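Only one structure is covered here, and it is reproduced in the block below.
The values are calculated or read from the model by the stated rules, or taken from the named source; none is laboratory data. This one's a predicted model, so the numbers in the text were calculated from it and none came from an experiment. Cβ placement follows ideal geometry from the backbone for every residue including glycine, while neighbour counts extend to all protein chains displayed.
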Amino acid sequence: MSEEKNQKTVAYQKSLELGEKSIGKLMWKYFVPAFVGVVVYSLYNIVDRIFIGRGVGSLALSGLSAVFPIMLIVMAFGMLIGIGAGVNISIAMGQKDPDKAERILGNGFVLMILVSILVSIIGFIIKTPVLQMFGATEATIAYAQEYLNIILLGAVFQIIGFGMNNIIRSEGNARISMYSMLLSAGANLILDPIFIFVLDMGVRGAAYATIISMIGLNIWVLAHFTSRRAVNRLKMKSMKLVKDVVSRIFAVGMAPFSMQLAASFVMALYTNQLIKHGGDLAVGALGIIFSIANFLVMAMVAINMASQPIIGYNFGAKDYGRVKKTVRYGIIAASLIAVVSTIIVEVFPEPLVRLFNNNDPVLFDLSVNGMRIFALALPVVGFQIVAANFFQSIGKAKIATFLSLLRQLILLAPLLIILPGSFGLNGVWMATPLSDFGSAVITAIFLFVQLRKLGTESQ
């Protein structure tokens, strides 16, 4: 028992740097592995789309675009629990309460298992109408179902793998989290061409590659949480569900969960408007645009991941000066990255699109034009992402949820409905930048007010 206590003490000593080390050095230390991790994560969908687009065809790529929002929903549940548990663990560590942190970890793990089983069952029951809602047509639905059937069977591995990896990062173990994603995405990159081309399995091959990679990720993260290097260890006694702990996990995780669900709903709006104004190939163009856009915002997401344990720990320790400094550094870094990304997209969209398709000129032109319009508001996206993450990191669940939904749903959905009536296909692409600009203004107001209040209200 004393040996275990000593191990825990050593592990927690490592986490003290979150409250003591230079903010700039901490941000850089956690950013690099987080960036590598999220880039690698983004490769899952990107690699699948590249190989399917080149190896199966444009219609298969459009079919996969209909599956993408459903995969977002599956991942939403992993984020709901993983980020919800991770933020609460960071705060508990700042409060110097390791028992509380391990209780949150155990409850989070059990919730991931239960939720993933439920997601798989419901997914199989409603898959066909949902695929049709997300834009699958008679020409593409067979490809979509082939891929989705396998993804739903492996939902438990996706939710546990990504959810537990979020918790690893929240402990301050960003490098281990990075290795997790490298292992998983590397396996996917190797298996995709083998299954698609060598074994001639087409769309099913891409799905099998994804799930096998997820199984590898599960083995890795569970090995971590049962090892001595873990700050918090996964134990049977911590897995008994506690109402208060479950409530706090769901409350904090609701913001990223809502954002992912909103993204799926909006994807349905996108695909229906695109079919109406551009046809099946316009849906394929959306898949390409989303893949590129998601890749470009990865650095901004990595800044969030780097700052979350720092903000959470220092908020728990009531060191509000370090909290504010972390937010300031995050906003500056994310804004610079966003400006550079905008320049790249506006000046060089063709080589980016060519990665996904170079043999269908109609799809190519649709993607290039849409990408240029879609990315117009990227300079303010970095700020909005970091600011919303701040509220999430300090446990302000309601505000974080509202700000997340603001950009992804509240402003975007009406614009998607209204603009295509006047501007056609370009109106579909215009909805996103207009929504981004509007949400950035409102988010700035909320952030200014909260930073002024920080430390003056009772926590």
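Worth pointing out:
- Helices (runs of 4 or more DSSP H) contained entirely in the stretch 361-459, each with at least 3 residues that are touching a residue at least 24 places away in the same chain (Cβ under 8 Å) and buried (at least 24 other Cβ atoms within 10 Å of the Cβ): 361-374, 378-393, 397-405, 425-453
- For the residues Ile215, Ile196, Ile219, the requirement of being part of a helix (DSSP H, G or I), free of Cβ contacts under 8 Å to residues at least 24 places away in the same chain and either more than 19 Å from the chain's Cα centre (by Cα) or surrounded by fewer than 23 Cβ atoms within 10 Å (Cβ to Cβ) (or both) singles out Ile219.
- For first residues located in the stretch 178-190 and within 13 Å of Asn166 (Cα to Cα), partners that are of a type in the set (Gly, Ala, Ser) and surrounded by fewer than 17 Cβ atoms within 10 Å (Cβ to Cβ) and lie 6+ apart or on another chain with Cβ distances below 7 Å do not occur.
- When the helices (runs of 4 or more DSSP H) confined to the stretch 1-116 are screened for residues that are at pLDDT 80 or above and more than 27 Å from Leu352 (Cβ to Cβ), those reaching at least 2 such residues are found at 23-55, 58-94.
- Exactly one residue out of Gln158, Gln132, Gln145 is of a type in the set (S, T, N, Q), at pLDDT 80 or above and either buried (at least 24 other Cβ atoms within 10 Å of the Cβ) or within 25 Å of Leu269 (Cα to Cα) (or both), and it is Gln158.
- Identity of the residue in the stretch 222-241, surrounded by 15 or more Cβ atoms within 10 Å (Cβ to Cβ) and among the hydrophobic types (A, V, I, L, M, F, W, C), that ends up farthest from Gly94 (Cα to Cα): Leu222
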